[in-house]
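The values are calculated or read from the model by the stated rules, or taken from the named source; none is laboratory data. Bear in mind the structure is a predicted one, so any value in this text is a computation, not a measurement. So basically every Cβ, Gly included, is an ideal-geometry build from the backbone, and we count neighbours across all protein chains shown. Ligands, DNA and RNA are stripped out before the accessible areas are found, and what is left, the full protein with its side chains, is counted by its heavy atoms. Shrake-Rupley method; radii C 1.70, N 1.55, O 1.52, S 1.80 Å.
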Amino acid sequence: MMLDRRRLFRFSLIVSTALTPALMAGFALAQTAPAQTGPAQTAPAQAPPQQAAEDHDKVETITVTAQKRSELLTKVPISVTALDQETLDKQGAKDMADVARLVPGLSLQTSDSQGDTNISIRGITSDTGAQTTGVYIDETPVQARQEVVAANPYPKVFDLDHIEVLKGPQGTLFGSGSEGGTVRFLTPEPSLSRYSGYLRSELAFTDGGAPSYETGGAVGGPIVDGVLGFRASIWEREDGGYINRVNPVNNGLGATDANSENSKVGHFALKYTPTDDLILETTLYFQEVHQNDRSFYWESAGPFNDLAQIPQPSTDTFVLPTVSAEYDFDGFSAKFISSYFKRNYNETFDATSFELSGVIPLGGNSFGGITLPGVPNYLSVGTHESTQNNYTEELRFTSDEDSKSRWSWIAGLWYQHNISTDKQQYAEPFDEVGNYLSEYYYGVPGNSLSYFGEAPLDGKFSYIDRFVVNETDKAIYGNLSYAILDDLKATIGLRAAQSGFDFNQEQDGPYSGGVPTAASGSEKETPVTPRFNISYQLTPDQMIYATAAKGYRIGGANQTVPTNICGTDLKSLGISQVPETFTSDTVWNYELGAKGKFFDDRVLLEGSIYWIDWNAIQQQVFLPSCGYYYTANLGTAASRGFDLQGQWAVGNGFVLDGSAGLTDARYTSSVILVGNLLSKSGDSLPTPEWGATAAATYNFKVLGDIASYARVDYQFSGPYYRSGSAETFSYEAATRNAPATHFVSMRVGGNRDGWDVSAYINNVLDSRTSLYRYQDTAFSPGLRDLTFRPLTVGMTVGYKF
């Protein structure tokens, strides 16, 4: 079976590579062949032979809205990486994992056994509490609290105007959760004057896996010229699986290529301008991602083999309607935005290994933990359901940029109310656990009542947990800039907020301690986040700047842990139960930067150096014996480094792109609790120290006038430590070391009259480096890994008009 797929894969590699120039030739023939009927056709004027190279002898500057107004990137005194749709297509980016490899100083890190990820910018990363990076779709923040909804809802990459990655705290304009930075996905606005469209289709083959394919289209333009316009898009993608599920009891093949994924995205926008001064817009964004099984493999079963006894599907769906109204007054504009983000996430998983390893007695254990198949005929099935309901309103006032005044400003009011829910439950033949403990550990008859004091709920549930969180955020903010000289500008910003948090939790089942429990709590905070900036425009396209800015994220609450199986861990920390709440943490970022175009617009450079102080860090305290954790404020840290990115139009069609980033993020204080070292001064935070990208593109002509290109991309992420050093309480020897990663992709194609046809190879080196490694508990030897999709070849056909 595997041999047949690999033969198909190699065949597809040859065909896709050979077919691209053939299709390009077809385009040329279609354009130049005389018509068979009708009046004589006039051949289009031929472009000069070197036109393709000349088109790429200068670098372009993208327009961004990082400061909530449209500005050229070279005039924004913030470290920003901006990627437009053309760049994303050329680099084959489909999702946030692809985007993360392109941005210096940003890493996407898996945080749990579900494959959920967190964004780390400049080392400000945490796998618990509120996110450290804001994630926006247009004007709406959509990031999730990690103790409630573990996975962030990243939009798929299709029909985007561009993506902006803002580095460093953005608390003044973007509020809580943007203390490390902000990632913004900006969709195209409807045009009132011209029609445009975008089509993309793709077919790909993965070595040893199932085929992948996608198709999507977008169209937009005026319904009533100059008054009413629309933009609509729809896209679907099937990513073929490459992980096989193997039955752990009999080693039989349960399913081939089980981890396939289907994604659907829809977007509709309408713009109406009843007068010259008033703009009304409404948008609707929809996304559904269904994964048939997890993408982890068990090391004991070999690469790309999973030992789960059942499929482990998940479905993540969200819908985001937005309405806005903008009115242009004399000297300033006012804009009101209202949105509702509704998300549902659910999954089913095999919890057998986790449940069994969690009940192993800590003393006298001679078996070294549970090794699958464990107990024959025993299966624990876990389910996880979570929701987000976010209501967001913003009223923003912005001064006109063409004013003769030296003053410019932005001010606004902000309100957000988030309701998040999480429900987990485990169903299993629970008396089998009692029988297992009796036979292997105690040698005396027993059942679930003997060991846990309670029979399973409804005859099958060993644990049920329901967690509800309410968050409110009310804020007033403003940025005030003054041009001291024509080219020297000083800016001060301030955001004052009132944040509230409350939670309710209910637990029941034998694993929760044998009796139903309930907990609740609340917290209020009044954070103030200032920002100071001074910038000097050396030329219209060159700038230097200095910034000091504060960021924060709100505190939260801990879900209680079952004391009957976590009691030993808790006792060693001198507590009988985990703390109910934890407080906010804050950062101060100090930065010097420069950006601009040089050498007759052939070179675009942007760089910055920074120092970040992080206080009262929200971090996990892992309880190694039972596999649970809680959140606490663990000391202080500092992150120091630089990021550099550039583009060079070398000439004759050659363009070079590159970036590099250093992130030296370490604890600057130690935290000790009842003799246990929770965090150690000098230990690094769980983020790569080095990251770099390099790309080379050659633009040329074939068959006379088909603009063609060949591109190679390389991305590097350095090694790091996922947990503290050996002296710390949460030390995990088997999973601590995260190795360096190398990823190479290639693409060759051509375009004419809006059509673009290309062939590509992703993961050229067929890298299988472990991106994430975990085990259920310290007593569970079942190590699982997540890695890159194996070497994949494919072909993309796109059309724009």
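Only one of the numbered conditions (1) open to solvent by less than 70 Å² (accessible area, probe 1.4 Å); (2) farther than 30 Å from Leu605 by Cβ is violated by Thr547, and that is (2).
Quick check: anything in region 225-234 crowded, with 19+ Cβ neighbours inside 10 Å and under 24 Å from the mean Cα position of the chain (by Cα)? Give the steps one after another, and end with the answer.
Step one: of region 225-234, the residues crowded, with 19+ Cβ neighbours inside 10 Å are 229, 231, 233.
Subset that is under 24 Å from the mean Cα position of the chain (by Cα): 233.
Yes, some residue in region 225-234 is crowded, with 19+ Cβ neighbours inside 10 Å and under 24 Å from the mean Cα position of the chain (by Cα).
Taking region 171-197 as the range and being closer than 16 Å to Arg553 by Cβ and either hydroxyl-bearing (Ser, Thr, Tyr) or open to solvent by less than 10 Å² (accessible area, probe 1.4 Å) (or both) as the test, the residues that pass are Gly171, Thr172, Phe174, Gly175, Ser176, Gly177, Ser178, Glu179, Gly180, Gly181, Thr182, Val183.
Checking each residue in region 563-574 for being under 30 Å from Glu525 (Cβ atoms) and either touching a Ser or Thr at 6+ places or on another chain (Cβ under 9 Å) or free of Cβ contacts under 8 Å to residues at least 60 places away in the same chain (or both) picks out Thr563, Cys566, Asp569, Leu570. Scanning region 634-653 for residues that are in contact with a helix residue (DSSP H, G or I) (Cβ under 6 Å, 6 or more places away or on another chain) and of a type in the set (S, T, N, Q) turns up just one, Asn652.
All of (1) in contact with an Asp or Glu (Cβ under 6 Å, 6 or more places away or on another chain); (2) open to solvent by less than 50 Å² (accessible area, probe 1.4 Å); (3) hydroxyl-bearing (Ser, Thr, Tyr); (4) at pLDDT below 95 hold for Ser608 with one exception: (4). Considering only residues in region 241-255 that are over 11 Å from Trp298 (Cα atoms) and outside any strand (DSSP E or B), the one that is most open to solvent (accessible area, probe 1.4 Å) turns out to be Asn251. Could you please let me know if Gly651 is open to solvent by less than 30 Å² (accessible area, probe 1.4 Å), within 30 Å of Tyr698 (Cβ to Cβ) and not β-branched (Val, Ile, Thr)? In short, yes. When Asp600, Asp613 are checked against the criterion of being acidic (Asp, Glu), surrounded by fewer than 23 Cβ atoms within 10 Å (Cβ to Cβ), outside any helix (DSSP H, G or I) and at pLDDT 95 or above, a single residue qualifies: Asp613.
Of all residues in region 758-777, those that are open to solvent by 30 Å² or more (accessible area, probe 1.4 Å) and part of a loop (DSSP other than H, G, I, E, B) total 7. Just checking, does region 45-65 include any residue being of a type in the set (A, V, I, L, M) and modelled with pLDDT of 90 or more? Yes, region 45-65 contains at least one residue that is of a type in the set (A, V, I, L, M) and modelled with pLDDT of 90 or more. Within region 415-434, one or more residues are open to solvent by 70 Å² or more (accessible area, probe 1.4 Å), out of contact with any His (no Cβ under 6 Å at 6 or more places or on another chain) and modelled with pLDDT of 95 or more. Of the residues Thr539, Thr581, the single one that is out of contact with any helix residue (DSSP H, G or I) (no Cβ under 6 Å at 6 or more places or on another chain), surrounded by fewer than 23 Cβ atoms within 10 Å (Cβ to Cβ), among the β-branched types (Val, Ile, Thr) and at pLDDT below 90 is Thr581. Is it true that some residue in region 520-528 is of a type in the set (Ser, Thr, Tyr), assigned to a loop (DSSP other than H, G, I, E, B) and open to solvent by 10 Å² or more (accessible area, probe 1.4 Å)? Yes, some residue in region 520-528 is of a type in the set (Ser, Thr, Tyr), assigned to a loop (DSSP other than H, G, I, E, B) and open to solvent by 10 Å² or more (accessible area, probe 1.4 Å).
Taking first residues from region 200-213 that are touching a residue at least 40 places away in the same chain (Cβ under 8 Å) and in a strand (DSSP E or B) and partners that are among the acidic types (Asp, Glu) and surrounded by 20 or more Cβ atoms within 10 Å (Cβ to Cβ), the Cβ contacts under 8 Å between residues at least 6 apart in sequence or on separate chains come to Arg200/Asp89; Arg200/Glu214; Ser201/Glu214; Glu202/Glu214; Ser212/Asp239. Pairs meeting the criteria (first residue in region 409-426 and farther than 30 Å from Lys489 by Cα, second residue open to solvent by less than 20 Å² (accessible area, probe 1.4 Å) and hydrophobic (A, V, I, L, M, F, W, C), beta carbons under 6 Å, at least 6 apart or on different chains) are Ser420/Val148; Ser420/Val149; Ser420/Val469; Asp422/Val148; Asp422/Phe467; Tyr426/Ala351. Selection of region 568-578 for residues being open to solvent by 30 Å² or more (accessible area, probe 1.4 Å) and on the phi < 0 side of the Ramachandran plot yields Thr568, Lys571, Ser572, Ile575, Ser576, Gln577. The requirement of being modelled with pLDDT of 90 or more, of a type in the set (Phe, Trp, Tyr) and closer than 24 Å to Ser70 by Cα is not satisfied by Tyr213. Among the residues of region 437-459, is any modelled with pLDDT under 95 and under 30 Å from Gln67 (Cβ atoms)? The answer is no, given that none of the residues of region 437-459 is modelled with pLDDT under 95 and under 30 Å from Gln67 (Cβ atoms).
With a cut-off of at least 2 residues that are modelled with pLDDT under 90, name the strands (runs of 3 or more DSSP E) lying wholly within region 76-175.
Working: elements: 80-84, 106-110, 117-121, 133-137, 162-167.
By residue number, 106-110, 117-121.
The single condition among (1) open to solvent by 30 Å² or more (accessible area, probe 1.4 Å); (2) more than 19 Å from Thr182 (Cβ to Cβ) that Thr110 does not meet is (1).
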